[in-house]
Each structure stands twice: as C-alpha cells, then as structure tokens.
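Encoded as structure tokens, the structure appears first; notes follow it.
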Amino acid sequence: MQKIDMHIHAAPAPIYKDGRVIVSDAESMVQHMDALGIKTAVLMSVGESPATLGYNEGNRMICQKHPTRFRWMCNVDLCAPELVYDKLKRCKEQGAIGIGELTHNLPIDAPFIEAIFSAAEKLSLPVTFHMSPKVGFNYGIVDAPGLPGLERALQKFPGVKFLGHSQVFWIEISADAPTDDKGRNSWGKGPVLPGGRVVALFEKYPNLYGDLSANSAGRAIMRDEAFGLWFLHRFADRLFFATDMLNTASVMPLAGWLEEKRQEGALSEKAYEKIICGNARSCFLL
C-alpha cells in the first residue's frame, strides 16, 4: 500500500548550510520517497517570497516538473487582510490544494489570520497550521494553554478543515499538558492522562483534523501505546500520514511504528488504510 505524505518540504535546487544539505531538491526527495513507499507528497509553503521551508512559486515549479509525485499547499506573506482572499484564490487557480504550513507568528484571532481562515472557508481550502506558545517565542500561530483560540476558530469557521500540527498542538493530547512556554513547545512523554484538550476538540468539532508529521505527532501517538492506538482508531477518518521531511536524511519513527502495529494486528487494516492514504484521497482528491 503506497503512502501519501501530507506534509513535506523540498526545493527546486538543494539548499546548503555549513556545507550540508538542509533542504533536498525535488529529484533527490523523489528517490527518498520511493525508498519509503511514498507515492505522492504535499509540499508546504510559508509564503510568497523565497523561503527555506518552501514558497508558492517554488512549490508550483516542482509540481509542474513532477506532476504525479507532488502536490502543493500555498500561503501568503503578511499583508492587509482585505488582500488575502484574492491572493489565495489565485493560488487555487494555479493548483494549490490547501493553505499551509501556516506559520505566521501572530495570535490565532489576529485580523490577518482570520482573513486566511475566512478565505479558506470560501475557497474550500484546508489549512495546516503550526503553533507557537507566544509571539516572539518561535514561528507559528499563537494560542494560550488549552487552545481556547483554536476552539473559537473551529466554531467561527465550521467549513474549514483545520489540520493540527506541531508541539504546541500535540502536547495538548494529555490532560497534564504543561502551561509554560518551553514545556508547551516540547515533545510529549510518559502516559497520556485522560481529558486532554486535543481529544476533547476532536470529539466536539468534526472540522478538526490531525497532521501526523514530525516527532511532535509521533511522540503524542507513541508515548502511550494503548492510548495511541485508541486515538488512531477513534479518529481514523480525520488523521493524515505525514512526515515533515526536509531532506533525504530525514526519517520519522512514527511511519515505522504504524507499519509495525499493522503487522501485529494492533492497528486495523481499515484504520491504517485511511490514515496512510485513504483520507488524503477523499479529502484532497489525491
């Protein structure tokens, strides 16, 4: 069963730092995807201007060159909120299938961010978001402990598929999620305590989805095997296999863990298929 990776980074040409590749070119990434059984990958963008983690035109160029291997999400540079809709509409016309990775370091209810959510709803573009504990701490949209701002967004924009991602989101899977900035931006560990906000939000809002990429999601699912398997089965219709790979040295442990649990019979074939590729096909028509 070939995988669809809903969160990857690549560049038209390799990007180097201190003599090593930090973001691989698309051709190298295709070979890496082949080795990992990934048929199609969705490229992330952080805006319109050239950026290490991907940008609109670079992603579009990669997809033109490799139309069967990559699709792309788009983003907008910080601008007046009234300009956002037209910018995103143009991206959709050019082939973008979603908005992401949303990384602007602004409160989740800032006018610019809400303009993105409003446009996403009108244009039927899902949104993959990265979160930060506060403005100035790290990249990502900002919410308070317990994710009250995300809940308001889920209520205000019910037509948007929100794909949760990053440490600040996934740490809230457990009721003992830390409330300090550094702790919120860490990988979870230890048993998951019932009552986590992520679980409550998944239960209450059908427009919340999960991006299972990087060690933020990986640790959330694998830290407590019994809970992780329950979560995967309970929300199998709204979880997406993803890696957040930047280069051909990237390996994310969750992918192997999912396959292992499938072979053991602990993760059902039905849930595995939905997470690995089925949800991407049904939600994004991939």
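Some observations on this one:
- Look at where the Cα atoms of the stretch 221-286 and of the stretch 4-28 average out, and the two centres are 23 Å apart.
- Difference of contour (0.36 nm per residue) and Cα-Cα distance, Trp230 to Phe112: 38.8 nm
- Antiparallel DSSP beta bridges within the chain, percent to nearest 5: 10
- Summarising the label geometry, the points placed 7 Å from Cα in the beta-carbon direction at Asp176 and Met1 lie 3.3 nm from one another.
- Full-extension gain in nm, Lys270 to Gln155, via 0.36 nm per residue minus C-alpha separation: 38.4 nm
- Distance violations [Cα-Cα > 30 Å] among Lys204/Lys274; Lys87/Lys274; Lys156/Lys261; Lys161/Lys189: Lys87/Lys274; Lys156/Lys261
- Per-residue 3J(HN,Hα) values for the stretch 248-254, derived from phi via the Karplus relation 6.51 cos²θ - 1.76 cosθ + 1.60 with θ = phi - 60°, read 6, 8, 6, 9, 10, x, 4 Hz in sequence order (x marks Gly and Pro).
- The chymotrypsin sites (Phe, Trp or Tyr not before Pro) found in the stretch 46-148 that occupy coil by DSSP, while having at most 15 further C-beta atoms within 10 Å, are Phe137, Tyr139.
- Along the axis of the charge dipole computed for the chain (Cβ charges of +1 for Lys and Arg, -1 for Asp and Glu, origin at the Cα centre), the listed residues Ala153, Ile4, Asn105 are led at the positive end by Ile4.
- Whole-number percent relative contact order across the chain, with pairs defined as alpha carbons under 8 Å at least 6 apart: 16
- Stretched out straight at 0.36 nm per residue, the stretch from Ala144 to Tyr16 would grow longer than its current Cα-Cα span by 42.5 nm.
- Cβ crowding within 10 Å, taken as a proxy for footprinting-reagent exposure, orders Thr68, Thr40, Thr248, Thr128 from fewest neighbours to most as Thr68, Thr248, Thr40, Thr128.
- Beta bridges per DSSP, both residues in the stretch 1-148: antiparallel share near 20 percent.
Since every read-out is calculated from the coordinates, none of them should be taken as a lab result. Note that this is a predicted model, so its numbers are computed, not measured. Positions of Cβ are generated from backbone atoms using ideal geometry, with glycine treated the same way; all protein chains shown enter the neighbour counts.
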